[in-house]
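Since every read-out is calculated from the coordinates, none of them should be taken as a lab result. Given the structure is predicted, the values throughout are model-derived calculations rather than measurements. Here Cβ is always computed from backbone atoms with ideal geometry, including for glycine, and neighbour counts include all displayed protein chains.
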Amino acid sequence: MSLIRTFAQLSAVSLVVIAVQSGGCEQRSEPTKPATSGQAKPDDHAHDAGDGHGTSPPGSSSESHGGDAHGPTTELGDQTADGFVIKASRDGDVTPGKDAPVDVWVSGGSAKVVAVRFWIGTRDAKGSVRAKAELEKDNWHTHAEVPNPLPPDSMLWVEVESDGDKKTVVGFDLKL
């Protein structure tokens, strides 16, 4: 009987030691960060979609971003392509090596828009990162990376992908 009691006590002590060792440390591994493949960059916004963006039309004063103003809004104009009317604006300065907050409104067209991507640079996106925008209230928003160095004659390029993988691309003068 004493052998069983001793074994039970050792087992209980072992379980307590294991529990203390595994539960007493708050050390956690860092989550794996996605590689930058030239496609989309994750949105590191500190707010829910629709909060603080897209609530004013392009050309309005700067919007607040959790207390961090992006800077004055610059309306980049609108274009019509493949039945879509595409309107764009950016907030703040365009600085090589930084990002630029961009908003795009897409209306019209008979096809359903499934994705909108932005990049700053040349039409072929060489040296640029295409960023997939998120749909907010009535606009698409993301922060487009600005290449460093910024190629001459760089523009904001907007790619609208609709049903059937049809892609419409338009470019806007950055109005630097």
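Descriptive notes on the structure:
- Using the Karplus relation 6.51 cos²θ - 1.76 cosθ + 1.60 with θ = phi - 60°, the per-residue 3J(HN,Hα) values for segment 130-144 come to 7, 10, 7, 7, 9, 6, 9, 4, 9, 9, 9, 9, 6, 9, 8 Hz, with x marking Gly and Pro.
- Shown in residue order for segment 152-168 are the 3J(HN,Hα) couplings computed by the Karplus curve 6.51 cos²θ - 1.76 cosθ + 1.60 at θ = phi - 60°: x, 6, 5, 9, 8, 9, 10, 10, 9, 9, 10, 3, x, 6, 6, 10, 10 Hz (x for Gly and Pro).
- Once backbone amide H atoms are built at 1.01 Å from N, G77 has A88 as its partners under 5 Å, excluding neighbours fewer than 5 places away on the same chain.
- Taking amide hydrogens as placed 1.01 Å from N in the peptide plane, the amide H of H70 sits under 5 Å from those of E63, H65, each at least 5 positions away in sequence or on another chain.
- With 20 Å as the limit on Cα-Cα distance, the pairs of K137/K166; K132/K167; K132/K166; K98/K166; K87/K175; K87/K132 that go past it are K137/K166; K98/K166.
- When L76, L135 are sorted by how many other C-beta atoms sit within 10 angstrom of their C-beta, beginning with the fewest, the order is L135, L76.
- Gain in span if fully extended, D173 to D124, counting 0.36 nm per residue against the direct Cα distance: 16.1 nm
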